[in-house]
Amino acid sequence: MTDSVLFRNGTVLTMDDRHTVLPNADVLVIDQRIAEVGVGLTAPEGATVIDATGGILMPGMIDTHRHMWQTAMRGYGADWTLTQYFVWYYLESGKLFRPEDIHAGNLLSALEALDAGVTTTVDWSHGLQTVEHADAAVDALQAVPGRFVLAYGNIQQGPWEWSATPEFRDFVSRRFTSGDDMLGFQMAFDVTGDPAFPEKAAFEVARELGVPVTTHAGVWGATNDDGIRLMHEHGFMTPQTIYVHSATLNQDSYHRIAATGGSVSVATESEQSAGQGYPPTWALRDHGIPVSLSQDTSVWWSADLFSAMRTTLGADRSREHMEAHRKAETVTHLHLRAEQVVDWATRGGSKALGMDSVVGSLEPGKKADVVLLKNDDSPAMFPILNPYGHVAFQAQRGDVHTVLVNGRIVKQDHKLVGADLAAAREKIGRTVEYLRATLGEEAWTRGMNPDVPETKVGENPYQYTEWDAGSAQWKH
Ligand SMILES: [Zn+2]
């Protein structure tokens, strides 16, 4: 017995190597895989047929860096800088999170990702103070029918500490099976640049376990070129390494990343607000470094990659114009195209995760992670003239009509299928209540509302005027 889904008559962005776009085409999914992509396909008996007319079919999107546990505090840090984030999570309140709080954040975050058409998410899970926390994180990921990679971390200890414990080893062997493309594993930690390189022991554990490392690199005031150099000199930079942000690195560091085949996870929305450095796509281009996209944390931003694509185009183009204007030049042709950011949101992620033979494009034989963007009630969804431009600049979460993960329909007609939002809401409610009560009302409010620096309006050589409506004249 087979389970099949046929998407009928959409604009198909295959995201194959040639970026083939097929107008009025069908995508046939049988069981877990894409069986065929083409025009006028025959529906197998009993197939679920979904009318994609007027819509765009694309591969499920891939977020390569998200601190899912922090979704429990959704939007709380909207006005934070990176400094306030560090103080709140790393120094003061991150250790308050219990396993059930990690679970609640991950559960909500996982559901949110699917709703936005993000079918694979790297859970950069650096709040795992104990393996009980880690089990709670994985339980949540397994309760939601998305594809996830747990990137294990713990900001309350050095990575050389937590990775050396027998409990950690036991957790890895208990919860992960190599070759499971629904739940992958990485290690997540940062390299401070300390010349003693204490992180070496953790890299050795990763090497022994055969798992990739993901690291926040080139973060203003936190990680720098020394960290990259130490990793490189000790032979720990590999094609599987994902460097998050990499926004304040020098050319030498970019050369080391490029030469060892790693990739950068660009979190533009985060870099712009928090201050890790200018979003680096314009510099990565000059070094031929592969890019994937990420949304970082919902303590500021939501998890949809439409935001990532849009803001990455904006930041890259803004920089290109600014650099030209500085030299009294005019940019007449843009380097970064909408097509490229759609690639980064799909293929870029699958390549970064070593999953490019599994997901990332709509090609026969690949696992069926499929997104249909279609919204007949939206005036922003027609006409669709430039499909890549439409995905990057016009579409949004509400236009995600249907989502398949591994051949299974997880969202249909704009609604998640079988998701217990009431349970997720109740769990989050308990976590918020606990944190708020533990912190106390004053600290809770203060944490959310950092002081605003004074703004001084500069001197103006002209006289201020005011319009007098009564006499219809300027007052002086
Ligand atoms: Zn991060």
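The values are calculated or read from the model by the stated rules, or taken from the named source; none is laboratory data. None of these values were measured; they are calculated from a predicted model. All Cβ positions, glycine included, derive from the backbone under ideal geometry; neighbour counts span all protein chains shown. Ligands, DNA and RNA are stripped out before the accessible areas are found, and what is left, the full protein with its side chains, is counted by its heavy atoms. Shrake-Rupley method; radii C 1.70, N 1.55, O 1.52, S 1.80 Å.
Quick look at the values:
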item	result
Qualifying residue in segment 112-129 (condition: closer than 18 Å to GLN157 by Cβ, touching a residue at least 12 places away in the same chain (Cβ under 8 Å) and either β-branched (Val, Ile, Thr) or open to solvent by 10 Å² or more (accessible area, probe 1.4 Å) (or both))	yes
Residue check, ALA72 touching a Lys or Arg at 6+ places or on another chain (Cβ under 7 Å) and within 30 Å of VAL299 (Cα to Cα)	no
Residue in segment 354-375 that is under 20 Å from GLU271 (Cα atoms), part of a loop (DSSP other than H, G, I, E, B) and open to solvent by 10 Å² or more (accessible area, probe 1.4 Å) present	no
Yes/no for GLU269 being among the acidic types (Asp, Glu), surrounded by 21 or more Cβ atoms within 10 Å (Cβ to Cβ) and either in contact (Cβ under 8 Å) with a residue 24 or more places away in the chain or within 13 Å of the ligand (Cβ to nearest atom) (or both)	yes
Selection from segment 429-476 of residues that are of a type in the set (Asp, Glu) and under 26 Å from GLY75 (Cβ atoms)	GLU433, GLU441, GLU442, ASP451, GLU454
Verdict on GLY38 being modelled with pLDDT of 95 or more and exposed (fewer than 14 other Cβ atoms within 10 Å of the Cβ)	yes
Qualifying residue in segment 144-163 (condition: closer than 27 Å to VAL410 by Cβ and open to solvent by 50 Å² or more (accessible area, probe 1.4 Å))	no
Residue list for segment 376-399, restricted to those being under 21 Å from GLU112 (Cβ atoms) and in contact (Cβ under 8 Å) with a residue 40 or more places away in the chain	VAL391, ALA392, ALA395, GLN396, ARG397
Segment 429-459: number of residues that are open to solvent by less than 70 Å² (accessible area, probe 1.4 Å), free of Cβ contacts under 8 Å to residues at least 24 places away in the same chain and not in a helix (DSSP H, G or I)	2
Pick from segment 278-293, criterion touching a residue at least 60 places away in the same chain (Cβ under 8 Å) and more than 14 Å from the ligand (Cβ to nearest atom), ranking: most open to solvent (accessible area, probe 1.4 Å)	PRO290
So ASP181, is it open to solvent by 30 Å² or more (accessible area, probe 1.4 Å), under 26 Å from ARG397 (Cα atoms) and part of a loop (DSSP other than H, G, I, E, B)	yes
Some residue of segment 134-142 being crowded, with 24+ Cβ neighbours inside 10 Å, within 16 Å of the ligand (Cβ to nearest atom) and under 16 Å from the mean Cα position of the chain (by Cα)	no
So SER350, is it within 16 Å of the ligand (Cβ to nearest atom) and either among the polar types (S, T, N, Q) or open to solvent by 40 Å² or more (accessible area, probe 1.4 Å) (or both)	no
Residue match in segment 237-259 (condition: open to solvent by less than 30 Å² (accessible area, probe 1.4 Å), free of Cβ contacts under 8 Å to residues at least 40 places away in the same chain and farther than 29 Å from HIS321 by Cβ)	yes
Sole exception among (1) without any contact (Cβ under 8 Å) to a residue 12 or more places away in the chain; (2) open to solvent by less than 20 Å² (accessible area, probe 1.4 Å) for GLU426, by number	(2)
Single unsatisfied condition, GLY262 versus (1) under 29 Å from SER307 (Cα atoms); (2) open to solvent by 10 Å² or more (accessible area, probe 1.4 Å)	(2)
Positions within segment 386-428 being farther than 29 Å from ARG317 by Cβ and in a loop (DSSP other than H, G, I, E, B), in sequence order	ASN406, GLY407, ASP413, HIS414, VAL417, GLY418, ALA419, ASP420
Qualifying residue in segment 294-314 (condition: more than 16 Å from the ligand (Cβ to nearest atom), crowded, with 21+ Cβ neighbours inside 10 Å, more than 15 Å from the chain's Cα centre (by Cα) and more than 22 Å from ALA116 (Cβ to Cβ))	no
Index of the failed condition, ALA217 passing every other in (1) in contact with a His (Cβ under 7 Å, 6 or more places away or on another chain); (2) open to solvent by less than 40 Å² (accessible area, probe 1.4 Å); (3) within 19 Å of VAL341 (Cβ to Cβ)	(3)
Residue count, segment 77-110 (criterion: open to solvent by 10 Å² or more (accessible area, probe 1.4 Å) and either within 15 Å of GLU433 (Cα to Cα) or away from the ligand (no atom under 16 Å from the Cβ) (or both))	12
ASP343 at pLDDT 95 or above, over 29 Å from GLY127 (Cα atoms) and open to solvent by 10 Å² or more (accessible area, probe 1.4 Å)	yes
